[in-house]
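Remarks on the structure that follows.
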Amino acid sequence: MISARCAIAVALFAVGAASSAAAQGPALSFYGFRAGVSLVDTDAQVRLLLGAGLSCQRSTADPRLQECRATIVDPVAHTPVSIWLAAIDSVTGVVTLSATLPTAGFTRWRDEVEGVYGPQAATVQGAQGMVQWIAGTQMLRLTWRSASGRVEASISIVDGPVLDGWNLGDQAPARIAKPRPPG
C-alpha cells in the first residue's frame, strides 16, 4: 500500500506540473512526469516518491544517451507502475509509465489525462486502443490492451526538440550514424 507521503508527493507534482505548464506554455505530463526536463529533476522526483532514484545505464554506442528505469506505486489502484525513460545529454526525450491496471484504474488514468488536456477520439482495434494529445512540440500517447477485467496501459510523453537535437554527428560510430554499404 502506498504511503500518505507518496500520495501527497504525486498530487503535488501533478499540480505543480499543471501550473508550470500554464505559466510556461504547453508541457504535457502524467503524475508529474514530463519529457524535456533534466534527468536530475526527474531523478529527484522519483527519489521523493520512492526514497531511491532512477537506475540508469549509458549507451555504449552513444554515451550521450541514457536509459533509466524505476517502479513506483499507483496511488489509487495500488499497483506497480514502471517508469522507463530515454535521456539525451541528460535531458529526458521520452518518458513512459506503464502498468497492468484494473479496468477502473485504467478509466481513472484516461479521465485524469482528459480532465487536463480534453477528450480525444480513440483509435481502437479489437482489444487494443490508442489516443494521443499534442501540445506545442510535445506528444502524450495513452495506449492500452484489455483482457479479463484488467488493462495493460502505458502513457508515453515525447519531447520533439530533445529528440530532434539528438544528431549522431561525425563523431558517432559508423554502425549507428551511417547505413552499411550494400555488398
Rg (one decimal) and Dmax (whole number) from the Cα set of region 52-98, in Å, equal 12.1, 39
Residue-wise, which Karplus ³J(HN,Hα) couplings in Hz belong to region 33-46, taking 6.51 cos²θ - 1.76 cosθ + 1.60, θ = phi - 60°, and x for glycine or proline? 7, 9, 9, x, 10, 5, 4, 4, 5, 5, 4, 4, 5, 5
Hey, got the Cα dimensions of region 29-166 along the principal axes, in Å, largest first? 41, 33, 27
Write down the Kirkwood hydrodynamic radius of region 109-168, to one decimal in angstroms, obtained as one divided by the mean of 1/r over all alpha carbon pairs. 12.9 Å
Using θ = phi - 60° and Karplus 6.51 cos²θ - 1.76 cosθ + 1.60, couplings along region 149-164 (whole Hz; Gly, Pro as x): x, 10, 10, 7, 10, 9, 10, 10, 10, 10, 10, x, x, 5, 5, 5
log10 I(q)/I(0) for region 73-146, Debye formula on C-alpha points only (no solvent), q = 0.17, 0.28 Å⁻¹, two decimals, reads -0.76, -1.39
Given a Förster radius of 35 Å and the C-beta distance between residue 89 and residue 148 as r, what FRET efficiency does 1/(1 + (r/R0)^6) yield to the nearest 0.05? 0.25
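Taken together, the values in this text are just the output of simple stated rules run on the coordinates, not laboratory data. Quick caveat, the model's predicted, so the values are computed rather than measured. Cβ coordinates were reconstructed from backbone atoms using ideal geometry, including for glycine residues, and neighbour counts include every protein chain displayed.
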